[in-house]
Structure formats: C-alpha cells, structure tokens
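Reviewing the structure listed below.
The values are calculated or read from the model by the stated rules, or taken from the named source; none is laboratory data. Because the structure is a prediction, the values reported are computed rather than measured. In this analysis, Cβ positions are derived from the backbone assuming ideal geometry, glycine residues included, and neighbour counts consider all displayed protein chains.
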Amino acid sequence: MISETTILGIDVSRDWLDGFCLPGQNRFRHPNTADGHIALVAMIQKLSGPVKVGFEATGGHEWVLWTELVDAGIIAVQLSPAQIKAFALSRGTLAKTDRIDAELIARFMAFRPEAGRELPDENLRILRTLTTRRGQLVDMRKRLKAQIAARRKQGISADVETMDDELKEVLDTQIDQIERRIENVIAQVEPLAAKANLLRSIPGIGPVSAAMLIAELPELGRMTSGEAGAMTGLAPVPHDSGAMRGRRTIAGGRRSLRRVLFQAALAAACHNPVLKPVAKRLKERGKPHKLVIIAIARRLITIANAIIKTGIPWQLQLGE
C-alpha cells in the first residue's frame, strides 16, 4: 500500500513560520530562528510516509530554512506568490493572515502537486546572491545619477558635487568587484562555464545577461519556447471575450530577468544579424519602440532556450 504524501504549507515571515498540514489539517508555529528550524525539521522527520513542504518566495526570508530542509533530506519547493494569490481568489478567500496563507499554500500544493521550484545547487545560490547584489547596486547608482543631474540643474556647491562624485566612484568600484566575482564563480564550475559560453555566443547577450539567465532561470534548456516566454514575463497575455479582442499585454514572470533581457534586446536589435531585420520590419509597420523591444526580448529568450537545449553555439547553428 502506497503511503499518502503529507503536505506542509508554511508561511515564512521575518519572525515566524506558520504551518498547515494536510491531510490532518493540523496547524503549527515555530520561530524563524536556528532553534525554530531545528524544531521544525525534527517535527517533520517524525511524520510517517513521504512529506513535501512548500512556501512562497518572500524576498529571501525562506532561503536559510529551504537549505536546511533539503540538507535534512526533506522535499521542499518554493512557490510563486502570484499563483497562491490567484488560487486564493478562485476560492473566494479575501482575508489574509499568516495562518490563512499557510493553509492556502498547502491546499494549492495538493491541487497542483507539480508546481514549485526546487532549491538550486550551492554554486547557483552563490551566483544568485551576487547577481541580486549587483542589481541592487546598479539601482542605487541609477538613482544617484538622477539626483546628481537634478542637483546640477538647480546649482550646487563644489563640496556637495565632490561628495556625489566620490559616492558614485564607490558604487562603480563595488559593481566592478561583484562582476569579477561573478565571472570567477562561473569560470570555476565547468557546467556553468559551458552554459555561459553558449549564451554569450548569441549577439546581444553579454556577461551580465548570461550570468542573470544562469542564476535566475536554471530551467533554461528544459522548457518549451512558450514556457520560456512565460517564465520571463515576456509572453503576450490575451484579453478576449466573445467577438471582442482585447489588447495583448505582458505580465508576471521573473521581473529581474525581464529587465536584463530588455537591455540585451536593445543590443540585439542593433547587432544581431537575425533579430535586427525583425526589429526593422516591426518599426516599419509603425509598432511602438517598447513593443519592438519586447518582441526582440521574447525571441532572444527563445533562442537562448534552444541553444542551451541543443548545446550548439550560435555560430554553428547559423553555419558560420
């Protein structure tokens, strides 16, 4: 007789781990601390039969727990908050508390057992940490540049201008250091280096976008082209009803990836021999600039997915 899988939905906050268990419908709560993690792992290991744990992506609060669960041999997956929210709306659940969220996560896992993202290996976690930190520093530098430009229009004293320049120089240095660390992490791991070389063979994808794709989209090469577009939030979402045809828009996906793919698409629209004519045709048809870049970004991720899947670099696929 096959044992029924016990499903644990956990709402992870900064201070607490609120859980709901199926099929027993039991609730539990542990502090989100080292001792709380030990107690949770011990509780799970006492359960009979297979166990699966799920929690939402919460901006990093779940990563330590996720790692400890997997190290203990417990199946644990990270779920999309958008999917949980949509599931709650489908059930007519409008209230939101940690206890309610934990139950929703558990019931969603029972409804969609295939959903969820498994924990990346250690090298990918390091790479993801570095790319996330780089993105934060780039955003800080972007805001600083805007503030400097605004202050210069208003007229500022020389000492304040010097302070701005010094701060920008510090950010530039830190970004350069992180980019070198990212390069070292990729170079030291053969599978990552091989994947990076394949991605960089595509005109338009540089070191930064290649590193982001490796860190944030480990599923690349194991998806369909439609799934690749959806995961990056570049697939057009229809809004049709009866004879009415609504405007297609993009939505969802992993936002950090979409941003870096926009930048890659700008380069590809100018320098990629396959995508440059596509961008030109769209512009000649009067398509807005943003729509053109989205279309190029979508084609770019489709190409990247195909190249990782086949293991054949861009130049060889084109017969160059």
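Structure notes:
- Beta carbons closer than 6 Å, at least 6 apart along the sequence or on distinct chains, pair a first residue in the range 62-90 that is within 20 Å of THR5 (Cβ to Cβ) and without any contact (Cβ under 8 Å) to a residue 40 or more places away in the chain with a second that is aromatic (Phe, Trp, Tyr) and part of a helix (DSSP H, G or I) for ILE84/PHE108; PHE87/PHE108.
- Meets criteria (in contact with a Leu (Cβ under 7 Å, 6 or more places away or on another chain) and small (Gly, Ala, Ser)) for GLY24: no
- Every test in (1) modelled with pLDDT under 55; (2) within 21 Å of PRO81 (Cβ to Cβ) is passed by HIS239 save one, and that test is (2).
- Pair list, Cβ under 8 Å, 6 or more apart: the range 269-293 residue assigned to a helix (DSSP H, G or I), other residue of a type in the set (D, E, K, R): ALA269/LYS276; CYS270/LYS276; LEU275/ARG299; VAL278/ARG299; HIS289/LYS283; VAL292/LYS283
- Condition check for GLU114: part of a helix (DSSP H, G or I) and either over 26 Å from MET231 (Cα atoms) or under 20 Å from the mean Cα position of the chain (by Cα) (or both): no
- Subset of the range 1-33 that is hydrophobic (A, V, I, L, M, F, W, C) and without any contact (Cβ under 8 Å) to a residue 24 or more places away in the chain - its residue that is nearest to ALA110 (Cα to Cα): ILE2
- Applying the set (1) touching a strand residue (DSSP E or B) at 6+ places or on another chain (Cβ under 8 Å); (2) of a type outside the set (Val, Ile, Thr); (3) modelled with pLDDT of 90 or more; (4) farther than 28 Å from MET223 by Cα to ASP98 leaves exactly one unmet item: (3).
- Residues that are touching an Asp or Glu at 6+ places or on another chain (Cβ under 9 Å) and of a type in the set (A, V, I, L, M) were ranked within the range 197-234; the one that is modelled with the lowest pLDDT is MET231.
For every residue, the table says whether it meets (1) at pLDDT 90 or above; (2) under 19 Å from PRO207 (Cα atoms).
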site	(1), (2)
ARG107	yes, no
ALA110	yes, no
ARG117	no, no
LEU127	yes, yes
THR132	no, yes
ARG141	yes, no
ALA150	no, no
GLY155	no, no
ASP159	no, no
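- For the range 255-294, taking the residues that are touching a Pro at 6+ places or on another chain (Cβ under 9 Å) and within 17 Å of THR232 (Cβ to Cβ), the one that is surrounded by the most Cβ atoms within 10 Å (Cβ to Cβ) is identified as ALA268.
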